[in-house]
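For reference, the structure is listed below as structure tokens.
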Amino acid sequence: MTSDTKPIFDTLADKGSAIDWNRLLTEILTAFNCSTGTIHTLQDSQLLHLKAYQGIPEFLLPKMTIIPIGKGMAGVAAERKRPVQICNLQTDESGVARPSAKETKVEGSITVPLMLNGRLYGTLGIAKSVPYEFTLEEEETLMEIGEAISRKIVS
């Protein structure tokens, strides 16, 4: 854990408080120098529900409020139960990101599943406004954050 992520883990370790989703997302975006992000939680077995967002154009919110497992970066990360990364969302042709995702104007993006003991609790997606490939260390740290968020969800 780097010093940049210490406040995130401190917030999530606080047993007495509920999650302030927007504050948590802001802390994560700051730690990873990102401008845009979302947190979705799994409300039933096949749908992710938006809990917090930052930097998402208002006109895209209806498409991001509820996401089926397997659709878009969040849905694919949830389905695979592992991170999904795109170095440049604006030029990507993999088909993982939805066409409307390009309207966010972000480039380097990653979505990680919120996992605890092999069970899915949601997804965390962050992105930069420049092409970027997240390092293995950053990916692992985001997975650790996801596990801490999941622990907080079940408590």
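The values are calculated or read from the model by the stated rules, or taken from the named source; none is laboratory data. Keep in mind that what you see is a predicted model, and the values were worked out from it rather than measured. Positions of Cβ are generated from backbone atoms using ideal geometry, with glycine treated the same way; all protein chains shown enter the neighbour counts. The protein model used for the area step is the full one, side chains on, heavy atoms only, and it has no ligands, DNA or RNA in it. Shrake-Rupley method; radii C 1.70, N 1.55, O 1.52, S 1.80 Å.
Before moving on, here are some points about what is shown:
- Qualifying residue in the range 79-94 (condition: crowded, with 19+ Cβ neighbours inside 10 Å, within 11 Å of the chain's Cα centre (by Cα) and modelled with pLDDT of 95 or more): yes
- Of all residues in the range 14-38, those satisfying the criterion of being among the hydrophobic types (A, V, I, L, M, F, W, C) and open to solvent by 40 Å² or more (accessible area, probe 1.4 Å) are ALA18, TRP21.
- Listing of strands (runs of 3 or more DSSP E) fully contained in the range 1-84 that carry 3 or more residues being under 14 Å from SER109 (Cβ atoms): 36-42
- Within the option set THR11, THR41, being at pLDDT 95 or above, under 14 Å from LYS152 (Cβ atoms) and either open to solvent by less than 70 Å² (accessible area, probe 1.4 Å) or of a type in the set (D, E, K, R) (or both) holds for one residue only, THR41.
- Any hit, the range 15-35, residues being in contact with a Gly (Cβ under 7 Å, 6 or more places away or on another chain), under 29 Å from GLY70 (Cβ atoms), in contact (Cβ under 8 Å) with a residue 60 or more places away in the chain and not aliphatic (A, V, I, L, M): yes
Residues checked against (1) touching a Ser or Thr at 6+ places or on another chain (Cβ under 6 Å); (2) of a type outside the set (D, E, K, R); (3) over 19 Å from TYR121 (Cα atoms):
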{"site": "ILE8", "(1), (2), (3)": "no, yes, no"}
{"site": "ALA13", "(1), (2), (3)": "no, yes, no"}
{"site": "GLY16", "(1), (2), (3)": "no, yes, yes"}
{"site": "THR26", "(1), (2), (3)": "no, yes, yes"}
{"site": "ASN33", "(1), (2), (3)": "no, yes, yes"}
{"site": "GLN46", "(1), (2), (3)": "no, yes, no"}
{"site": "LYS51", "(1), (2), (3)": "yes, no, no"}
{"site": "ALA74", "(1), (2), (3)": "yes, yes, no"}
{"site": "LYS81", "(1), (2), (3)": "no, no, no"}
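- Output for the range 104-155, where each listed residue is within 17 Å of SER35 (Cα to Cα), more than 12 Å from the chain's Cα centre (by Cα) and hydroxyl-bearing (Ser, Thr, Tyr): THR104, SER129, TYR132
- When the range 125-155 is filtered for residues that are surrounded by fewer than 16 Cβ atoms within 10 Å (Cβ to Cβ), touching an Asp or Glu at 6+ places or on another chain (Cβ under 8 Å) and of a type outside the set (Ser, Thr, Tyr), the ones remaining, listed by number, are VAL130, PRO131.
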